[in-house]
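Undergrad: My questions all concern the structure below.
Each reported figure results from applying straightforward, stated rules to the coordinates on display, with no laboratory input. A quick note: this is a predicted structure, and the numbers were derived from the prediction, not measured. Neighbour counts are summed over all protein chains in view; Cβ atoms, including those assigned to glycine, are modelled from backbone coordinates with ideal geometry.
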Amino acid sequence: MGCCSGRCTLAFICGMQLVSVLERQVIDFLGYQWAPILTNFFHIIIVILGLFGTIQFRPRYVTGYAAWLVVWMTWNVFIICFYLEVGDLSRNSDLVLTFNLSMHRSWWMENGPGCRVTPISPPPSWAPADHRYISISDCLMDFQFIEVAHSSLQILLALAGFIYACYVVKLISEEEDSFDFIGGFDSYGYQGPQKTSHLQLQPMYM
């Protein structure tokens with residue numbers, strides 16, 4: 001019963017992770033943030049493998065899923081530090097999240113709740129020719145705090161998934177140890193009457 005409830009809870013957590021990371025993947029695609037896109041893709045694959053291992057009693061898959069969650073939590077802590085500009089990090093850097101292939105911007109910068117985008121024309125002389133120059137105002141929440149909230153949700157789900165993954169692996173291992181299919185029935189085996197290999201014949205005298 002404990003294994004069943006633990007597996008069901010872990011499967012539910014994996015489902016929540018898939019839904020949340022798919023939403024985040026769409027947002028990162030719209031913002032052309034290539035490093036998060038690749039990381040999200042790996043996370044989706046490993047969560048699916050973890051879900052498969054949970055359903056099919058494959059402790060190795062669940063163990064690999066738990067190990068990846070440590071990396072995933074570390075990545076999301078870095079994203080939080082990036083958007084809050086902890087230390088020398090700057091959220092205006094194009095190299096960190098886009099590999100300098102495109103101009104870094106969060107989709108929430110222009111599409112956050114209540115945000116009003118106003119194009120500025122003519123653009124200043126220093127603005128790149130292939131980029132528009134806009135003014136953003138009236139946002140109910142700044143985009144960096146929305147990104148921090150998304151990463152915080154991922155950390156909470158990953159922490160719950162890691163705890164339940166360890167619990168499920170422990171329960172599956174205990175169940176495997178309790179059933180010894182190789183030698184578990186030796187003491188209950190039936191042994192037929194043994195036949196002597198050599199019969200001693202006594203001579204008969206009349």
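Undergrad: Could you check the simple spin-label distance between residue 141 and residue 86, using points 7 Å along Cα→Cβ, in nm with one decimal?
TA: Distance between the two pseudo-spin positions: 2.0 nm.
Undergrad: What are the ³J(HN,Hα) values, in whole Hz, obtained from phi via the Karplus relation 6.51 cos²θ - 1.76 cosθ + 1.60 with θ = phi - 60°, for each residue of region 52-61 in sequence order, with x given for Gly and Pro?
TA: 4, x, 5, 6, 9, 6, 10, x, 5, 5
Undergrad: In whole Hz and in residue order, list the ³J(HN,Hα) couplings for region 137-152 that follow from phi through the Karplus curve 6.51 cos²θ - 1.76 cosθ + 1.60, θ = phi - 60°; x for Gly and Pro.
TA: Couplings: 8, 6, 6, 6, 9, 5, 4, 5, 6, 5, 5, 5, 5, 4, 5, 5 Hz.
Undergrad: For region 41-51, in order, what is each residue's ³J(HN,Hα) by Karplus, 6.51 cos²θ - 1.76 cosθ + 1.60 with θ = phi - 60°, in whole Hz (x at glycine and Pro)?
TA: 5, 4, 5, 4, 4, 6, 5, 5, 5, x, 5
Undergrad: While we're on this one: What are the equivalent ellipsoid semi-axes of region 8-51, built from the alpha-carbon gyration tensor (square roots of five times its eigenvalues), in whole angstrom, biggest first? Before the final figure, lay out the partial values.
TA: On the way: eigenvalues 95, 22, 4 Å².
So the equivalent ellipsoid measures 22, 10, 5 Å along its semi-axes.
Undergrad: If you don't mind, another one. Between region 1-45 and region 59-80, what is the separation of their alpha carbon centroids in Å?
TA: If we compute the Cα centre of each part, the gap is 11 Å.
Undergrad: Right, next: Can you give the FRET efficiency for residue 32 and residue 153, using 1/(1 + (r/R0)^6), R0 = 25 Å, r = Cβ-Cβ distance, to the nearest 0.05? Could the numbers behind the result be given before it?
TA: Details: r = 22 Å, r/R0 = 0.89.
About 0.65, to the nearest 0.05.
Undergrad: Still on this structure, I have one more. State the Kirkwood hydrodynamic radius of region 1-93 in Å, one decimal place, computed from all pairs of distinct Cα atoms.
TA: 14.5 Å
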